[in-house]
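Presented below is the structure to which this report refers.
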Amino acid sequence: MASMELALAALRSADPGEKPNISLVARTYGVSQSGLYKRFHGVTGSKEEQYDKQRILTTTQSRALIKWINQLTERGLPPTNSMLANFAREISGKEPGKNWASRWLKAHSDKVISRYSTGLDSDRKKADSAYKYALYFELIGRKIQQYNLGPEQIYNMDEKGFMLGVSTKRKRIFTRRKYEQGGYKQHLQDGNREWITTIGCICANGTALAPSLIYMAKSGFIQDSWLQDYDPQTQRCFFAASESGWTNNDIGYRWLVDVFDKETKSQASRGWRLLILDGHGSHVTMKDSQGFTRLTKRDFFRLFWASWNEVFISKNINSAFRTTGLYPFDPEIVINKFNKKITSRPSSSESGASIIPPEDWRRLEKLVKTVVNNIYDEKAVQLRETVSHLSTQLILLQNENQGLKRALINAKKPKNKKQPLLLGLPSEQDGGALFMSPTKVQQARDIISQKNDEAAQKQAHKDDKKLQQQLKKQAKDAEKVKRAQIRQEKREQREQEAAEKQRLKDEQELAKLADLQLQNDVISTPKASKKPTEQISRQAKPRVQPEAHVEDNEVVVTTNRRGRAIRPPVRFRD
């Protein structure tokens, strides 16, 4: 291989206008002429390039993924193996194998490292002996044959607890440099300690029962605000509550009666049903919030339901029964592998659709090869790696952006008021346990809605009554103001009339005084003597002239033509 690379270097070092002599160079370096021709013209590539084409991630994409892991480590959210497989799927558009993450970590052990973030003992689980496995399968096989059970009568139930805000104790992937620096060994937790248990049950015919969720509630009642994203019309799920959020004998019994029996009775055609309780497992996916927002019981159902629909499909259910040897019944599948290390299958999560689809980067590489004369030129290689790196970064950023958008949208949703979903109290015979079916949830919500409507009507009646009282008060106040205004107007009118009367009275008094003054002036003025009439008609009678005399009190008294005395008023005598 070194000879081939030297021969390629010799051909590439030729002057641009010089025609390369491939035959001579091949003989000089002892390589195949046809092979050198194909390599030089880009028909074939190096083993590393061929390996890149066969691998899920190219070298450039792996470097971009390592950089991404470094960022997640700094954020306090180092990914798990299953999350790593999800990243590879989103970048490449291919499905990684069950051991892909382990092989990738081993290939890049100089850059990344896988460690338990909480110091969990990696040897905490010990494999059972082959003898115990054999006894187990002998019992299962005998019961299946005894009761003639078909796939629609074989069920497997499992329960899993989730502590909100606390990630599972699993191996996580750190960049070696950040891990050795310290400070990132504890993955991100938001401090919330709310516990929720989910019960899942699958059937060997590839179907699954509706899941059941047990919420932690001291009151023992489900709050409607916890199910704000749940639609009973389209999402079938059962809900219960316990003080600890765990299952117990009473809840387990109610699950058998209210969920398992009712959900499987028609499918089993009234025949026997085999329910197998296996060990615990977990399905781990990265939070949409990327560790930036706090996860609460309000958010759990939305995230849980997306994962449930992604995982509990016929393909996975059939695979689970087949790989455990339960259906088709084949104990050797497990017994032959019980000593081998059991690896968890990569989890599935919602793959974010990137702006550039994952297959486009391959077409971009082909485009680069067609437009670049010398694909082995340093700048051409740099261009190819840059295109691959940018497309990888774009896919990862798009995936993170979609998750953050979903988290932000749900964070901004108006929070429902906490109201317990009450639909009759559980009896003492049930041990205080009660599973709420979708129908019961809807009925409880209808009751709450009816109560809220009644309360709203009462409040509206109170508000209307209060408004009427306010309007009456305003009307009374307005009437008072109007009456006061009328009184004021009448008062002003009376005052004007009184002022007018006083003015007229004063004018009359002044007129009287003027008349009296005129009389006094007339009296006090001496009269001129009249000349005697020389010629007086003989027939005319002489007129009696008024005479004036002074009384003892010095008051001038005059008489009129008729001889009556005219005396001035007392106030004018002085």
For segment 448-462, does any single residue satisfy the condition of being aliphatic (A, V, I, L, M) and closer than 30 Å to residue 251 by Cα? yes
Do the conditions hold for residue 142, that is, is it more than 25 Å from residue 398 (Cα to Cα), modelled with pLDDT of 80 or more and in a helix (DSSP H, G or I)? yes
Answer residue from segment 294-321, given it is aliphatic (A, V, I, L, M) and modelled with pLDDT of 85 or more and is nearest to residue 204 (Cα to Cα) among those: 317
Out of (1) at pLDDT below 80; (2) surrounded by fewer than 16 Cβ atoms within 10 Å (Cβ to Cβ); (3) within 25 Å of residue 178 (Cα to Cα), what's the single condition that is false for residue 103? (1)
Matching residues, segment 95-110, being of a type in the set (D, E, K, R) and without any contact (Cβ under 8 Å) to a residue 40 or more places away in the chain: 95, 103, 106
Matching residues, segment 57-97, being part of a helix (DSSP H, G or I) and among the hydroxyl-bearing types (Ser, Thr, Tyr): 59, 60, 62, 73, 82, 92
Among residues of segment 388-400 being closer than 9 Å to residue 60 by Cα and in contact with a Phe, Trp or Tyr (Cβ under 9 Å, 6 or more places away or on another chain), the residue modelled with the lowest pLDDT is 388
Flag for residue 92 being surrounded by fewer than 21 Cβ atoms within 10 Å (Cβ to Cβ) and over 32 Å from the mean Cα position of the chain (by Cα): no
All-but-one check, residue 159 against (1) modelled with pLDDT of 70 or more; (2) surrounded by fewer than 17 Cβ atoms within 10 Å (Cβ to Cβ); (3) of a type outside the set (Ser, Thr, Tyr), failing number (2)
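The values are calculated or read from the model by the stated rules, or taken from the named source; none is laboratory data. Owing to the predicted nature of the structure, the values given are computational and were not obtained by experimental measurement. Backbone-built Cβ (ideal geometry, glycine too); neighbour counts: all protein chains shown.
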